[in-house]
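Report on the following structure.
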Amino acid sequence: MSESVIQLQPLHLAISASLVIVLALLTWHLRLGVSGRIVIAAMRTVLQLLLLGFVLDYLFNISHPMLIALLALVMLLIAGYEVMARQQRPFKGLWGYGLGALSMFISSFTIAIFTLNVVISPDPWYLPQYAIPLLGMMLGNTMTGVALTLDYLTKNAWQSRAVLESRLLLGEDWRSAIGQLMRDSVRTGMIPIINAMAAAGIISIPGMMTGQILAGNSPLTAAKYQILIMFMITAGTGFAAVLASWIGAKRLFDNRQRLRLDRLRPPG
Amino acid sequence: MAKLKLENLQIEHVGPVNLTVNSGEIVCISGGSGAGKSLLLRAVADVLPHEGDAWLDQMQASQTNPPTWRKTVGLLSAESQWWFDTVGEHFTCKNNELLNKLGFNSDTWGWLVSRCSTGEKQRLALLRLLCNQPRALLLDEPTGSLDARNTSVVESIIREYAKEKQVPVIWVSHSEEQIRRICKTHYEVENGQLVNA
């Protein structure tokens with residue numbers, strides 16, 4: 001299969017990078033204020049992906065379960081940070097970090113381990129060629145879902161302070177007072193993945209399937225893997241969003257069911 | 001018959017406040033904006049973290065299930081809040097008699113909240129609060145955005161309710177005339193303390 005793949009040379013990457021540079025120049029000229037961010041993000045992509053390539057190369061040769069667990073942990077910790085960074089008003093202290101990381105951990109890891117053991121069953125089940133890409137795709141999507149969910153929840157709780165307090169004053173319990181916000185926040189977090197499922201194959205060819213086809217796999221094999229991954233990602237994102245919304249909403253109230261917006265960090 | 005007692009109530013720059021309001025008694029509180037009148041009421045209703053405690057007879061705020069306590073001591077905010085589309089969706093009871101008294105009719109239940117004026121919303125908010133049959137009333141400028149006619153209607157409804165149910169009332173007001181009409185006891189919030197006015 002690999003003989004059919006055209007190997008990319010540094011020159012190929014340099015040519016594609018020049019397009020991004022042209023874009024950065026254009027946005028600078030238009031004063032959109034994103035050119036710096038484009039360049040930095042592009043450099044991060046290069047560094048992070050090359051690093052990942054080296055790490056995976058090394059890991060695939062050794063295939064030691066402890067090393068794989070370590071990499072999985074590092075991925076989770078970075079995803080936890082990203083979730084926090086993408087919120088306008090995350091929770092103060094350890095909660096800001098822990099809430100997203102915990103929801104992602106419970107959801108993504110459970111589903112990844114389930115998929116590896118029950119569905120794909122490589123030997124051993126933690127075979128890094130399967131475990132790491134699967135977990136990576138789970139975490140990447142779950143991260144977006146959890147970040148959207150929590151950002152929606154905390155931002156809107158902040159803006160709806162008067163309404164939430166008024167509902168509490170009329171004797172509603174916290175769950176009833178914030179119920180609508182919780183439902184909306186979960187829906188917001190799940191919309192991207194629902195859209196992705198609906199559009200898959202018609203409007204977009206998902207990245208993983210593209211990769212497999214480029215790597216010389218039969219399109220049908222690629223499609224089957226993509227379906228599996230889509231379902232796992234959807235379940236992972238959905239469960240994590242529900243979990244994050246529930247824990248987050250609970251944290252917005254104290255044991256006397258008072259709205260505690262002082263537990264949120266001011267933006268900036 | 002119930003007596004409302006605030007015991008060393010302290011919140012931010014307000015307090016410690018000790019106050020007893022007897023059943024059927026209306027106590028007025030005034031003071032400059034930012035003096036902490038609304039803070040005090042919200043501490044009594046226990047929607048803000050605070051020191052001290054409040055009692056309604058034997059019922060102790062800190063020992064009562066929060067939703068139950070808040071239903072028992074009804075707080076009417078200065079600015080009413082609405083979250084459903086129509087007026088009626090916000091109500092757990094439909095008291096048409098009081099509704100008419102306040103100058104509405106049964107069509108009002110179907111009105112869009114977004115179509116109501118501030119004054120209409122304030123009167124409807126009182127009606128909504130009374131659905132809970134509160135055994136104490138904490139009123140934050142309940143007639144703040146009402147004209148003279150509606151002010152007197154609301155005043156008489158609250159007085160009747162207080163008298164009939166023997167409910168203690170704390171009434172925050174800015175109007176000297178209203179305070180003279182309504183209250184025998186009047187405090188002013190000064191430097192976080194209640195002083196006789």
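The values are calculated or read from the model by the stated rules, or taken from the named source; none is laboratory data. Given the structure is predicted, the values throughout are model-derived calculations rather than measurements. Cβ placement follows ideal geometry from the backbone for every residue including glycine, while neighbour counts extend to all protein chains displayed. We work out accessible area using only protein heavy atoms, side chains counted, and drop any ligands, DNA or RNA first. Shrake-Rupley method; radii C 1.70, N 1.55, O 1.52, S 1.80 Å.
I'd like to check something: does region B:174-195 contain any residue that is out of contact with any strand residue (DSSP E or B) (no Cβ under 9 Å at 6 or more places or on another chain) and of a type in the set (S, T, N, Q)? Working first, answer last.
Taking region B:174-195 and keeping what is out of contact with any strand residue (DSSP E or B) (no Cβ under 9 Å at 6 or more places or on another chain), we get B:177, B:181, B:190-191.
Still in the running and of a type in the set (S, T, N, Q): B:191.
For region B:174-195, residues out of contact with any strand residue (DSSP E or B) (no Cβ under 9 Å at 6 or more places or on another chain) and of a type in the set (S, T, N, Q): present.
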So, A:Met209, is that one farther than 30 Å from A:Leu164 by Cα, assigned by TED's automatic domain parsing to the domain that holds A:Phe253 and within 19 Å of the chain's Cα centre (by Cα) or not? yes
Show me the helices (runs of 4 or more DSSP H) entirely contained within region B:42-140 in which 2 or more residues are under 19 Å from the mean Cα position of the chain (by Cα), without any contact (Cβ under 8 Å) to a residue 12 or more places away in the chain and within 12 Å of chain A (Cβ to nearest Cβ). B:66-72
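Got a number for residues in region A:114-139 being part of a helix (DSSP H, G or I) and surrounded by fewer than 16 Cβ atoms within 10 Å (Cβ to Cβ)? Quick ask: steps written out before the conclusion?
At the first step, the residues of region A:114-139 found to be part of a helix (DSSP H, G or I) are A:114-120, A:128-139.
Narrowing further to those that are surrounded by fewer than 16 Cβ atoms within 10 Å (Cβ to Cβ): A:114, A:117-120, A:129, A:133.
Going through region A:114-139 one residue at a time, the tally reaches 7.
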As an exercise: evaluate A:Ile202 against (1) more than 27 Å from A:Gly96 (Cβ to Cβ); (2) hydrophobic (A, V, I, L, M, F, W, C); (3) under 22 Å from the mean Cα position of the chain (by Cα) and give the number of the one condition it does not meet. (3)
Of the conditions (1) touching a helix residue (DSSP H, G or I) at 6+ places or on another chain (Cβ under 7 Å); (2) part of a loop (DSSP other than H, G, I, E, B), B:Gly34 satisfies every one except a single condition; which number is it? (1)
Among (1) open to solvent by less than 40 Å² (accessible area, probe 1.4 Å); (2) at pLDDT 95 or above - the single one B:Trp55 does not satisfy: (1)
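Looking only at region A:145-203, filter to residues that are hydrophobic (A, V, I, L, M, F, W, C) and outside any helix (DSSP H, G or I); which one of those is surrounded by the fewest Cβ atoms within 10 Å (Cβ to Cβ)? Quick ask: steps written out before the conclusion?
Initially, region A:145-203 is screened for residues hydrophobic (A, V, I, L, M, F, W, C), giving A:146-148, A:150, A:153, A:157-158, A:162-164, A:168-170, A:174, A:177-178, A:181-182, A:186, A:190-191, A:193-194, A:196-200, A:202-203.
When the remaining residues are screened for being outside any helix (DSSP H, G or I), the result is A:170, A:200, A:202-203.
Values: A:Leu170: 21, A:Ala200: 16, A:Ile202: 7, A:Ile203: 9.
Restricting to residues being hydrophobic (A, V, I, L, M, F, W, C) and outside any helix (DSSP H, G or I), the top hit is A:Ile202.
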Just the residues that are surrounded by 17 or more Cβ atoms within 10 Å (Cβ to Cβ) and not in a helix (DSSP H, G or I), please, taken from region B:147-176. B:Val167, B:Pro168, B:Val169, B:Ile170, B:Trp171, B:Val172, B:Ser173
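Tell me yes or no: at least one residue of region A:185-198 is assigned by TED's automatic domain parsing to the domain that holds A:Ser108 and either closer than 30 Å to B:Asn65 by Cα or in contact with a Cys (Cβ under 7 Å, 6 or more places away or on another chain) (or both).
Taking region A:185-198 and keeping what is assigned by TED's automatic domain parsing to the domain that holds A:Ser108, we get A:185-198.
Imposing the further condition that a residue be either closer than 30 Å to B:Asn65 by Cα or in contact with a Cys (Cβ under 7 Å, 6 or more places away or on another chain) (or both) reduces the set to A:185-186.
Yes - at least one qualifying residue is present in region A:185-198.
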Selected residue (only one of A:Leu148, A:Leu127, A:Leu134 is over 30 Å from B:Ala45 (Cα atoms) and at pLDDT 95 or above): A:Leu148
B:Gly144 vs. criteria touching a residue at least 60 places away in the same chain (Cβ under 8 Å), in a loop (DSSP other than H, G, I, E, B) and away from every other protein chain (no Cβ under 14 Å): yes
In this structure, is B:Lys3 open to solvent by 60 Å² or more (accessible area, probe 1.4 Å) and in contact (Cβ under 8 Å) with a residue 40 or more places away in the chain? yes
Considering A:Leu116, A:Leu49, which residue is over 17 Å from A:Ile229 (Cα atoms), modelled with pLDDT under 95 and of a type outside the set (Ser, Thr, Tyr)? A:Leu49
Which residues, counting only those in region B:17-41, are of a type in the set (A, V, I, L, M, F, W, C), open to solvent by 10 Å² or more (accessible area, probe 1.4 Å) and within 14 Å of chain A (Cβ to nearest Cβ)? B:Leu39
